[in-house]
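For reference, the structure is listed below as structure tokens.
The values are calculated or read from the model by the stated rules, or taken from the named source; none is laboratory data. In this text the structure is predicted, and so the values were computed from the model without any measurement. A quick note on method: Cβ atoms are made from the backbone with ideal geometry, for glycine too, and the neighbour counts reach across all protein chains shown.
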Amino acid sequence: MAKPILTLHALEKQFGSDTALHPTTLTVEKGEFLAMMGPSGCGKSTTLRMIAGLEAPSAGQIRHWDRDITNLPPWERDMPMVWQSYALFPFMTVRQNVEFGLKQKRRHALPDRRRKAGEWLERLDIAAMADRRVNQLSGGQRQRVALARALALEPEILLLDEPLSALDAHLRLQMQAELKRLHGELGITFLYVTHSQSEAFAMADRVAILNQGHLQQIGSAREVYRAPANRFVAEFVGASTIITGTGGPDHRVETAVGTFTAKAGHPPQPGQLATVLIPSNAVTLSATETGAENAVTATFLTEEFTGSFVTLYLLLADQTQMKVQLQQSELDRITLIPGDTVHAHWPAEAAYVLKEG
Ligand SMILES: Nc1ncnc2c1ncn2[C@@H]1O[C@H](COP(=O)(O)OP(=O)(O)O)[C@@H](O)[C@H]1O
Ligand SMILES: [Mg+2]
């Protein structure tokens, strides 16, 4: 494996008696787009701020290539940060804001700064408003200025902390596509913090999922979806129905709503707790009982349309909520109104058993 551009080694942060980040070790590859995600308060910003040099770690080490940067001030790191609240100078013009970053770096003479700022204004499609003051711009335009200012420094690593969360949904999607395009074109390493999994999965090569200061899993979207490390990740990703029971022989799991065979993931241990994930897109519904194995009877609650998919929510006898994702075209086969009884079944090969302990 190539040498990582960034290494966090047993990195830890305490605020008084609270631990924002428990000892965490991870590596980032050059050119990678890594998203750190998790619920609010899980330690994402703290981690990013330590990488930027804005917060001192309580313990552990941060390395940029082979260089220990743990105790370097922010301006001696090659890692500008872009965040939700822009941190621009409101009374400076767009151009002055972008040039300001370059001036700070002292690497560039004035004509050079002019040219470079101009290039980035073009690149981010804000050249037409170069002489406007930042406080005369919309949120989306400001975010472009903040990006231009950071990227004009031509950093090796760009840090982004929920940069799109102040934008409306339409603009957010547009900027997601643009960030992904820029990342592809520039070959810069992006470290992107977000609480939104749709944002993370839309852009990132890998995602790191945090919960209460503990790194839960790091991997591609596919890995996290198909093989969640634990129940927290499974719930956070929300792609499956989760049913717990007791392991039996031959991949069987006994639960309050029936005995199932679950062949994916970790073989259930006889007599031990077994948590089974049933991917919402692996379930087949029918109005009548089919006699299939891995079947449950459920009550239809409601449906939710997104794009060409529909998600149906069912209630099982033990009050577990089951999620079933269908193509909208499949809805023609079955008509359901809330309160209806419906039969669901799934293949044993799709049912995934989590690793326990
Ligand atoms: N300067 C600070 N002083 C005390 N506690 C803090 C400080 N910054 C963050 N925290 C706490 O650390 C935890 C993680 O915060 P943060 O990294 O901002 O979470 P996230 O960005 O994932 O929402 C939270 O419990 C938060 O209250
Ligand atoms: Mg945060």
From the residues in the range 4-38 that are among the charged types (D, E, K, R) and away from ligand 1 (no atom under 16 Å from the Cβ), which one is nearest to G60 (Cα to Cα)?
E29
G339: passes all of (1) in contact (Cβ under 8 Å) with a residue 40 or more places away in the chain; (2) of a type outside the set (D, E, K, R); (3) within 23 Å of A234 (Cα to Cα); (4) surrounded by fewer than 12 Cβ atoms within 10 Å (Cβ to Cβ) but (3)
Among the residues of the range 63-81, is any polar (S, T, N, Q), within 24 Å of the chain's Cα centre (by Cα) and either within 16 Å of ligand 2 (Cβ to nearest atom) or over 21 Å from L151 (Cα atoms) (or both)?
no
Considering the range 311-357 alone, what residues qualify as being of a type in the set (D, E) and either closer than 16 Å to T275 by Cα or touching a Ser or Thr at 6+ places or on another chain (Cβ under 8 Å) (or both)?
D318, D340, E349, E356
Inter-residue pairs, beta-carbon under 7 Å, first under 7 Å from A35 (Cα atoms) and within 16 Å of ligand 2 (Cβ to nearest atom) and in the range 188-208, second part of a helix (DSSP H, G or I) and of a type in the set (S, T, N, Q), 6+ apart
V193/S45
Among the residues of the range 206-221, is any modelled with pLDDT under 95 and either away from ligand 1 (no atom under 16 Å from the Cβ) or surrounded by fewer than 17 Cβ atoms within 10 Å (Cβ to Cβ) (or both)?
yes
Please go through the range 69-111 and give me each residue that is among the hydrophobic types (A, V, I, L, M, F, W, C), under 13 Å from R142 (Cα atoms) and not in a loop (DSSP other than H, G, I, E, B), ordered by number.
V82, W83, V94, V98
The correct count of residues that are within 13 Å of ligand 2 (Cβ to nearest atom) and touching a helix residue (DSSP H, G or I) at 6+ places or on another chain (Cβ under 7 Å) in the range 36-54 is 5
What about T24, is it modelled with pLDDT of 95 or more, assigned to a helix (DSSP H, G or I) and under 27 Å from A2 (Cβ atoms)?
no
Of G53, G38, the only residue that is closer than 22 Å to F201 by Cβ and within 24 Å of the chain's Cα centre (by Cα) is G38
Pairs please, first residue from the range 159-180 and more than 25 Å from D78 (Cα to Cα), second anywhere and within 16 Å of ligand 1 (Cβ to nearest atom), Cβ atoms under 7 Å, 6+ apart in sequence or on different chains.
A166/Q84; R172/L164
Tell me which residues, restricted to the range 186-196, are surrounded by fewer than 19 Cβ atoms within 10 Å (Cβ to Cβ) and farther than 21 Å from W65 by Cα.
H195, S196
Any hit, the range 152-175, residues being in a helix (DSSP H, G or I) and under 16 Å from N97 (Cα atoms):
no
Tell me the residue from V310, V233, V257 that is surrounded by fewer than 20 Cβ atoms within 10 Å (Cβ to Cβ), outside the structural domain of T27 (by TED's automatic domain parsing), free of Cβ contacts under 8 Å to residues at least 40 places away in the same chain and not charged (D, E, K, R), please.
V310
Single residue of P23, P90, P74, P57 found to be in contact with a helix residue (DSSP H, G or I) (Cβ under 6 Å, 6 or more places away or on another chain), buried (at least 17 other Cβ atoms within 10 Å of the Cβ) and in the same structural domain as L191 (by TED's automatic domain parsing):
P57
